[in-house]
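Every read-out reported here was derived from the displayed coordinates using simple, explicitly stated rules and does not represent laboratory data. For clarity, every value in this text was computed on a predicted model and none was experimentally measured. FYI the Cβ positions are ideal-geometry reconstructions off the backbone, even for glycines, and counts take in every protein chain you see.
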Ligand code: PFF
């Protein structure tokens, strides 16, 4: 039987609610905006295959470990790990995992909200027909105009941050849960509609082939590392978001099964996003351009030239706002419960403080696209630095510490009690992945992030 501690912040009303919330955290700009773009850059099918392997062998084991920590600790990430390390007679210094997570969450949110703001701007533009009949040059100019206007970016950034704050301020049951329970199914329906549209209007076969045909000639060790980093970001791992969601789980819910479902849903959404986007891009004879370009420039051109494009374009951008919103809720939640528990303040006040913090840092990202573009730290703009610091350093660092802590330092019988993996083979696979495969793999991500290219195959 699992240990019966409960979270003072309430619990999910059901297993489905937890799955929806965690999937809401996982599915975001990472799946719909970033996954198609890096798949395009890294050779299509082979990258997708490696990504899926990373999700299975690295992502899922770490996810189990992270949710385990939250469910056992029942507190904010720092206090949960402190509690568990005391129980296990380990150094309390491991609570730094929680600190890294809270920091990473706020830093990611600061630029995530800016990009989500672009999505809001584009949904309005598409809805009002501003983008109808636009060509590639016009779309590029339009995008350029948006990102070079700090006031407009600030307005969207602020609106997005307020929406996020309002939902989280209402708490787990009335805020988070009711939001994701409605948003997640809506998101899947919209995405499926978009895939159907793209299968009729786009070059569906070519898009499918691009995504599924593995061309290993383009794969390098670095491709594997990029796929692994994406698995971290996309599954919301290494920063306490799923730890916090795990702390709201009632004790009778099985962690392993639930994690597999979440990873599966996240991967399905990424693949659907690819299926929705690639055929349209290909049928328009456009290139798979980089980052923001793929959706905000290329796809708007595609939508503009297609019958029904205005409607589907609008739906697409709305879908992206939903996805970003449910992810941002989980980015801010670790800091909120830490503030509540540490300083004994109300949820509304904690949400306001955390959001203000992220909002202020976000101004740096906004300026890095325009008047502050020349400001470089380590040869990176503020936005690039924040992205680099979080994705390449903080998330892998959090992930490796979580998996080492749980895999090596928590007593096996205590893990078994909570994880309840019945099959001996599955239990062995999990331990092997959490103790050996995941830590080694994550070290490679980190060393690569630090610029030490480990060309062990050459
Ligand atoms: N998983 C989200 C995405 O794919 O967009 C981003 C994210 C959310 C990362 C929450 C980390 C996190 F804790």
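Taking only the alpha carbons of region 146-197, we obtain Rg and Dmax values of 15.2, 39 Å in that order.
Percent relative contact order of region 333-458, based on C-alpha pairs within less than 8 angstrom and at least six residues apart?
19
Ranked by the mean number of other Cβ atoms within 10 Å per residue, highest first, peptides 264-275, 368-379, 78-89 order as 264-275, 78-89, 368-379. The helix-based estimate of mean residue ellipticity at 222 nm for the chain, built from -39,500 (n - 2.57) per DSSP H run of four or more residues and divided by its residue count, is -22000 deg cm²/dmol to the nearest 500. The relative contact order of region 70-134 comes to 20 percent, based on Cα pairs under 8 Å that sit 6 or more residues apart.
Descending by average beta-carbon neighbour count within 10 Å, the peptides 125-136, 188-199, 311-322 line up as 311-322, 188-199, 125-136, the highest first.
Set the Förster radius R0 to 35 Å, insert the Cβ-Cβ distance between residue 376 and residue 215 as r into 1/(1 + (r/R0)^6), and round the FRET efficiency to 0.05.
The computed FRET efficiency comes out at 0.45.
What is region 164-244 by shape, rounded, prolate or oblate, if you read a ≥ b ≥ c off the alpha carbon gyration tensor as root eigenvalues and call it rounded for a/c under 1.5, prolate for a/b larger than b/c, and oblate otherwise? Here region 164-244 falls in the oblate category. What do you get for the angle between helix 96-127 and the principal long axis of the chain? Use alpha-carbon atoms, 0 to 90 degrees, nearest ten. Computed tilt is about 20 degrees. Averaged over residues, the count of other Cβ atoms within 10 Å places the peptides 144-154, 43-53 in the sequence 43-53, 144-154, highest first. Relative to the longest principal axis of the Cα atoms of the chain, helix 309-343 runs at roughly 30 degrees. For region 1-106, a Kirkwood radius taken over Cα pairs fed into Stokes-Einstein (25 °C, viscosity 0.890 mPa s) yields D = 151 µm²/s. The C-alpha atoms of region 298-358 occupy a region whose extents along the principal axes are 55, 15, 14 Å, arranged from largest to smallest.
For the chain, taking Cα atoms only, Rg and Dmax work out to 21.2, 66 Å respectively. Over all pairs of different C-alpha atoms, region 255-359 has a mean inverse distance whose reciprocal, the Kirkwood radius, equals 16.7 Å. Per-residue Cβ neighbour counts within 10 Å put 306, 380 in the sequence 380, 306, beginning with the fewest.
The mean sequence separation of alpha-carbon pairs under 8 Å and at least six residues apart, normalised by the residue count of the chain, gives a relative contact order of 35 percent.
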